[in-house]
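**Q** This is the structure I have questions about; it appears just below.
The values are calculated or read from the model by the stated rules, or taken from the named source; none is laboratory data. Bear in mind the structure is a predicted one, so any value in this text is a computation, not a measurement. Note that each Cβ is placed from the backbone with ideal geometry, even for glycine, and that neighbours are counted across all protein chains shown.
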Amino acid sequence: MSVLVDKDTRLIVQGITGREGLFHTIQMVAYGTNVVAGVTPGKGGQWVLDDKIPVFDTVKKAAETTGANASVIFVPARFAADAIFEAADAGVELIVCITEGIPVQDMMRVRAYLDQKGSRLVGPNCPGLLTPGEAKVGIIPGNIAIPGNVGVVSRSGTLTYEVLYAMKQLGIGATTTVGIGGDPINGTSFLDVLKMFEEDPQTEKVVLIGEIGGTDEQKAAQYIADHMTKPVVAFIAGQTAPPGKRMGHAGAIVEGGEGTAAEKIEALEKAGVKVAKHPEEIAHILNTL
Amino acid sequence: MKLHEYQSKQIFAKYGVPIPKGRVATTAAEARQIAAELGGRVVVKAQVLVGGRGKAGGIKLANTPEEAEERATEILSMKLKGLPVRKVLIDEAAHIAKEIYLGITNDRAARKPVMMASAEGGVEIEEVARQTPEKIIKIHIDPLLGLRGYQTRDLALGIDLPKEHWKAFSKVCFGLWEAYKNSDATLAEINPLVVTEEGQVLAVDGKMIVDDNALFRHPDIAEMRDLDVEAPEEVEARKYGLSYIKLDGDIGCMVNGAGLAMTTMDVIKLYGGEPANFLDIGGGASAEKVAAAFRIILSEPNVKAVLINIFGGITRGDEVARGILAAMEEVNPQVPMVARIVGTNAEEGRRLLANANMITADTLVDAAQKAVAAAKGGLR
């Protein structure tokens, strides 16, 4: 079992003929993901990957023709919000947006629209999802994780790889890894994913990788305290980050004294979460649970 | 990106928000001339991107053009919180009857813009929020619908604004909302918005922060950037698409990914060291970009050791290694360097660096410990 993506995922790649889109389509297909179609406006009728994957002009056409149920977006930031709207209007259930640098007001409109539509968005500015042994949707390197019983949810990309890799070194595997992204406004929160892991029978333990900025981790802590039966291990990046400076991710900034690593760690520890001092320690703590 | 007061007010005015008559001067003589044109009392205001300009002596009243020249001379020679004052705004002085706060920002948790008003204008709004949060009236704006007229009346009622000013106030609210929306601002603030003795509603101050990610569709605003507020290295880094923030420590860091870059800083600190910077080379970084990152890190004289932490995904280990080698040839670093490369093409990367006289590490903890020891002179 897993959450959000598995071997039944039928995936569209939006921006499939671009440099990033094509490179990662090759990686996803090599991993065993069922990529059924690509979309690049103006390139409909072409085929990619040795004529195995058809390219369509629109998401609607791609979804209707192939019966796709998920889409991953690799289009540049200035067109990304439009790509999300298009996928939602085509009725795609799961939309994963990898693109970094989407204007925040675009994302506010996207969120408000999606809330009326019923599509789930993961990201943007995220590495996507990986259900080891079944499917990878996005850019997480497939070889750094093995199947197992730990659900992983993270706001970061390479930091997630670091944790998955440390887990693999100790023989610990994952059910699904969900990268929710480093932007201030995103489609799926920690809370949403924790609920999914709590309900997923195969997920026995959960890893939460947060960072400075916002209050999403604090809300997660409240949910863990009130509703979660499964043990959670966490790490919060940015303990040494100075206030008022945006640390790369648009969402990673301590503003008005809020969103510090210290207050997040305190909230999580209060909720009974074991908070690791560095990413490798997460794997060691998992082994003791 | 932060905008100056005069820039923010010009944008507000474009959307129908009344602002005082005034202009920017770069010399005291110019200030005098502007004051003469305006006639009567003026305010001389330092245009520097820091808060608390008034308290720091950067805002002064002048009754005559001669006084305006004197005040401008003083202010233009000042540094406010370390930043030089290069421009002053000369505004007609308003006869203030009442000061209001009005602002819009993004409410992250609500995922919507929030418009805030308070009868306690002219003071630091953060202070009001801390001490008397009930004095700040908030309304959330539906990003698909935009601001509605009744919402501006809710705000006017909430701050006990006399009815005769509602219409003018509402116009300012809509102007501010349009300015915020059409400029992709993350903050648009008027503090204070004043009601004058003549009954006019006037934005005597203004502040805007624009979303860096949206500057591609606002070339006119992008041109307003003031490079004084940024360290020269940060400006240089942006040219190469690098995310760099200068810090006070002595261990230079080069990492791919923002979360991992923050974590690398944290682990350095955990083992007794101090990071000299935050640096994210981003995903899929080319050798050229890596070389630029390296030069920027090493241009900082405090740096006593460098820690390179690369977890290859989109970024390839061999590409990073080539960039490092190219940069080393160019800058010939004299400080010890610790490299940890894992993930995509890591073996090739490590092989390339093997002859480059570098300390290698397998794990992040190992790398951090070695970098801390190296910075203290214990490892070369």
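**Q** Can you name every residue in the stretch B:178-190 that is under 26 Å from B:Ile96 (Cα atoms), surrounded by fewer than 21 Cβ atoms within 10 Å (Cβ to Cβ) and either in contact with an Asp or Glu (Cβ under 8 Å, 6 or more places away or on another chain) or more than 12 Å from every other protein chain (Cβ to nearest Cβ) (or both)? Explain how you work it out, then say what you get.
**A** Step one: list which residues in the stretch B:178-190 are under 26 Å from B:Ile96 (Cα atoms), which gives B:178-180, B:187-190.
Filter once more, keeping what is surrounded by fewer than 21 Cβ atoms within 10 Å (Cβ to Cβ): B:178, B:187.
Hit for the stretch B:178-190 is B:Glu178, nothing else.
**Q** Looking at the stretch B:269-289, can you tell me whether even one residue there is in the same structural domain as B:Thr363 (by TED's automatic domain parsing) and free of Cβ contacts under 8 Å to residues at least 24 places away in the same chain? Even if it seems obvious, please write down each step before you answer.
**A** At the first step, the residues of the stretch B:269-289 found to be in the same structural domain as B:Thr363 (by TED's automatic domain parsing) are B:269-289.
Checking the rest, the ones that are also free of Cβ contacts under 8 Å to residues at least 24 places away in the same chain come to B:269.
Within the stretch B:269-289 (the criterion being in the same structural domain as B:Thr363 (by TED's automatic domain parsing) and free of Cβ contacts under 8 Å to residues at least 24 places away in the same chain), the answer is yes, since at least one residue qualifies.
**Q** Restricting the search to the stretch B:301-333, which residues are of a type in the set (Val, Ile, Thr) and away from chain A (no Cβ under 14 Å)?
**A** Residues of the stretch B:301-333 of a type in the set (Val, Ile, Thr): B:303, B:306, B:308, B:310, B:314-315, B:320, B:324, B:331.
Hits for the stretch B:301-333 are B:Val303, B:Val306, B:Ile324, B:Val331.
**Q** Any idea how many residues of the stretch B:157-203 are polar (S, T, N, Q) and either part of a strand (DSSP E or B) or without any contact (Cβ under 8 Å) to a residue 40 or more places away in the chain (or both)?
**A** 4
**Q** Shifting gears a bit: Output the number of residues of the stretch B:326-342 satisfying the condition of being among the hydrophobic types (A, V, I, L, M, F, W, C), out of contact with any helix residue (DSSP H, G or I) (no Cβ under 7 Å at 6 or more places or on another chain) and under 12 Å from B:Val303 (Cβ atoms).
**A** 2
**Q** If you don't mind, there's one more thing I want to ask. Any residue in the stretch A:211-224 that is at the interface with chain B (Cβ under 8 Å from one of its Cβ atoms) and under 14 Å from A:Phe235 (Cβ atoms) sitting within a Cβ distance under 6 Å of a residue that is modelled with pLDDT of 95 or more and surrounded by fewer than 24 Cβ atoms within 10 Å (Cβ to Cβ)? List the pairs, counting only those 6 or more apart or interchain.
**A** A:Ile212/A:Ala261
**Q** In addition: What strands (runs of 3 or more DSSP E) completely inside the stretch B:36-101 contain at least 2 residues that are buried (at least 18 other Cβ atoms within 10 Å of the Cβ) and of a type in the set (Val, Ile, Thr)? Reasoning before the result, please.
**A** Details: elements: B:42-46, B:59-62, B:88-92.
Output list reads B:42-46, B:88-92.
**Q** Okay, moving on. Answer yes or no: is there a residue in the stretch A:7-16 that is surrounded by fewer than 14 Cβ atoms within 10 Å (Cβ to Cβ) and under 24 Å from A:Gly118 (Cβ atoms). Give the steps one after another, and end with the answer.
**A** Step one: of the stretch A:7-16, the residues surrounded by fewer than 14 Cβ atoms within 10 Å (Cβ to Cβ) are A:7-8.
With under 24 Å from A:Gly118 (Cβ atoms) added as a condition, the list becomes A:7-8.
Yes; the residues of the stretch A:7-16 include at least one that is surrounded by fewer than 14 Cβ atoms within 10 Å (Cβ to Cβ) and under 24 Å from A:Gly118 (Cβ atoms).
**Q** Cβ-Cβ under 8 Å, sequence separation 6+ or interchain: first residue in the stretch A:9-34 and within 14 Å of another protein chain (Cβ to nearest Cβ), partner of a type in the set (Gly, Ala, Ser) and assigned to a helix (DSSP H, G or I). Which pairs?
**A** A:Gln27/A:Gly142; A:Ala30/A:Gly142; A:Tyr31/A:Gly142
**Q** Which ones in the stretch B:199-252 are under 30 Å from B:Lys376 (Cα atoms) and of a type in the set (S, T, N, Q)? Step through it out loud before you land on a result.
**A** Of all residues in the stretch B:199-252, those under 30 Å from B:Lys376 (Cα atoms) come to B:230-237, B:242-252.
Listed by number, the list holds a single entry, B:Ser243.
**Q** Of (1) free of Cβ contacts under 8 Å to residues at least 40 places away in the same chain; (2) touching a helix residue (DSSP H, G or I) at 6+ places or on another chain (Cβ under 8 Å), B:Asn357 satisfies all except one. Which?
**A** Of the numbered conditions (1) free of Cβ contacts under 8 Å to residues at least 40 places away in the same chain; (2) touching a helix residue (DSSP H, G or I) at 6+ places or on another chain (Cβ under 8 Å), the odd one out for B:Asn357 is (2).
**Q** Is there a residue in the stretch A:163-176 that is within 11 Å of the chain's Cα centre (by Cα) and not acidic (Asp, Glu)?
**A** Filtering the stretch A:163-176 down to residues within 11 Å of the chain's Cα centre (by Cα) leaves A:176.
Narrowing the set further to residues that are not acidic (Asp, Glu) leaves A:176.
Within the stretch A:163-176, one or more residues are within 11 Å of the chain's Cα centre (by Cα) and not acidic (Asp, Glu).
**Q** I'd like the full set of residues that are among the charged types (D, E, K, R), more than 14 Å from the chain's Cα centre (by Cα) and over 27 Å from B:Val194 (Cβ atoms), limited to the stretch B:204-238. Show your work before the answer.
**A** Filtering the stretch B:204-238 down to residues among the charged types (D, E, K, R) leaves B:205, B:207, B:211-212, B:217, B:220, B:223, B:225-226, B:228, B:230, B:233-234, B:236, B:238.
This time we only want the ones that are more than 14 Å from the chain's Cα centre (by Cα), so: B:205, B:217, B:220, B:223, B:233, B:236.
Passing the criteria: B:Arg217, B:Asp220, B:Glu223, B:Glu233, B:Glu236.
**Q** From the list B:Ile104, B:Ile125, which residue is within 14 Å of another protein chain (Cβ to nearest Cβ), at pLDDT below 95 and under 21 Å from the mean Cα position of the chain (by Cα)?
**A** Values: B:Ile104 fails: at pLDDT below 95.
Result of the check over B:Ile104, B:Ile125: B:Ile125.
Let's see how each residue does on (1) under 22 Å from A:Arg78 (Cβ atoms); (2) touching a helix residue (DSSP H, G or I) at 6+ places or on another chain (Cβ under 9 Å); (3) modelled with pLDDT under 95:
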position	(1), (2), (3)
A:Ile95	yes, yes, no
A:Met107	yes, yes, no
A:Leu129	no, no, no
A:Gly138	yes, yes, no
A:Val163	no, yes, no
A:Val178	no, yes, no
A:Ser189	no, yes, no
A:Asp192	no, no, no
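**Q** Report yes if A:Gly272 is of a type outside the set (Ser, Thr, Tyr) and within 13 Å of chain B (Cβ to nearest Cβ), otherwise no.
**A** Numbers: of a type outside the set (Ser, Thr, Tyr): yes; within 13 Å of chain B (Cβ to nearest Cβ): no.
So A:Gly272 fails the test.
**Q** Surrounded by fewer than 24 Cβ atoms within 10 Å (Cβ to Cβ), among the hydroxyl-bearing types (Ser, Thr, Tyr), within 18 Å of A:Ile180 (Cα to Cα) and in contact (Cβ under 8 Å) with a residue 12 or more places away in the chain: does that describe A:Ser71? Outline the logic, then answer.
**A** Details: surrounded by fewer than 24 Cβ atoms within 10 Å (Cβ to Cβ): no; among the hydroxyl-bearing types (Ser, Thr, Tyr): yes; within 18 Å of A:Ile180 (Cα to Cα): yes; in contact (Cβ under 8 Å) with a residue 12 or more places away in the chain: yes.
Here the answer is no, as A:Ser71 does not meet what is asked.
**Q** Residues of the stretch B:132-158 being surrounded by fewer than 13 Cβ atoms within 10 Å (Cβ to Cβ) and either under 26 Å from the mean Cα position of the chain (by Cα) or among the hydroxyl-bearing types (Ser, Thr, Tyr) (or both), which ones?
**A** B:Thr132, B:Pro133, B:Tyr150
**Q** Right, another one. Considering only residues that are in contact with a helix residue (DSSP H, G or I) (Cβ under 9 Å, 6 or more places away or on another chain) and buried (at least 18 other Cβ atoms within 10 Å of the Cβ), which ones fall in the stretch A:244-258? I'd like the intermediate steps shown before the answer.
**A** Here is the first cut: in the stretch A:244-258, the ones in contact with a helix residue (DSSP H, G or I) (Cβ under 9 Å, 6 or more places away or on another chain) are A:246-252, A:254, A:256-257.
Across the stretch A:244-258, the qualifying residues are A:Arg246, A:Met247, A:Gly248, A:His249, A:Ala250, A:Gly251, A:Ala252, A:Val254.
**Q** Which of the residues belonging to the stretch B:1-35 are assigned to a loop (DSSP other than H, G, I, E, B), in contact with a Leu (Cβ under 9 Å, 6 or more places away or on another chain) and at pLDDT 95 or above? Even if it seems obvious, please write down each step before you answer.
**A** Residues of the stretch B:1-35 that are assigned to a loop (DSSP other than H, G, I, E, B), as a first pass: B:1, B:4, B:15-21, B:26-27.
Now restrict to residues that are in contact with a Leu (Cβ under 9 Å, 6 or more places away or on another chain): B:1, B:4, B:15, B:17-21, B:26-27.
The answer is B:His4, B:Tyr15, B:Val17, B:Pro18, B:Ile19, B:Pro20, B:Lys21, B:Thr26, B:Thr27.
**Q** Assess whether A:Val206 counts as being in contact with a strand residue (DSSP E or B) (Cβ under 7 Å, 6 or more places away or on another chain) and either under 19 Å from A:Gly251 (Cβ atoms) or within 14 Å of chain B (Cβ to nearest Cβ) (or both). Walk me through how you get there before you give the answer.
**A** Values: in contact with a strand residue (DSSP E or B) (Cβ under 7 Å, 6 or more places away or on another chain): yes; either under 19 Å from A:Gly251 (Cβ atoms) or within 14 Å of chain B (Cβ to nearest Cβ) (or both): no.
For A:Val206, the condition - in contact with a strand residue (DSSP E or B) (Cβ under 7 Å, 6 or more places away or on another chain) and either under 19 Å from A:Gly251 (Cβ atoms) or within 14 Å of chain B (Cβ to nearest Cβ) (or both) - is not met.
**Q** A further question on this structure: Does A:Ile84 fit the bill of being over 10 Å from the mean Cα position of the chain (by Cα), within 12 Å of chain B (Cβ to nearest Cβ), β-branched (Val, Ile, Thr) and crowded, with 24+ Cβ neighbours inside 10 Å? Break it down stepwise before answering.
**A** Values: over 10 Å from the mean Cα position of the chain (by Cα): yes; within 12 Å of chain B (Cβ to nearest Cβ): no; β-branched (Val, Ile, Thr): yes; crowded, with 24+ Cβ neighbours inside 10 Å: yes.
No; evaluated as a whole, the condition is false for this residue.
**Q** Within the stretch B:326-364, can you find the residues that are part of a strand (DSSP E or B) and either aliphatic (A, V, I, L, M) or touching a Phe, Trp or Tyr at 6+ places or on another chain (Cβ under 8 Å) (or both)?
**A** Restricting attention to the stretch B:326-364, the residues satisfying the condition of being part of a strand (DSSP E or B) are B:337-343, B:359-360.
Scanning the stretch B:326-364 gives B:Met337, B:Val338, B:Ala339, B:Ile341, B:Val342, B:Gly343, B:Ile359.
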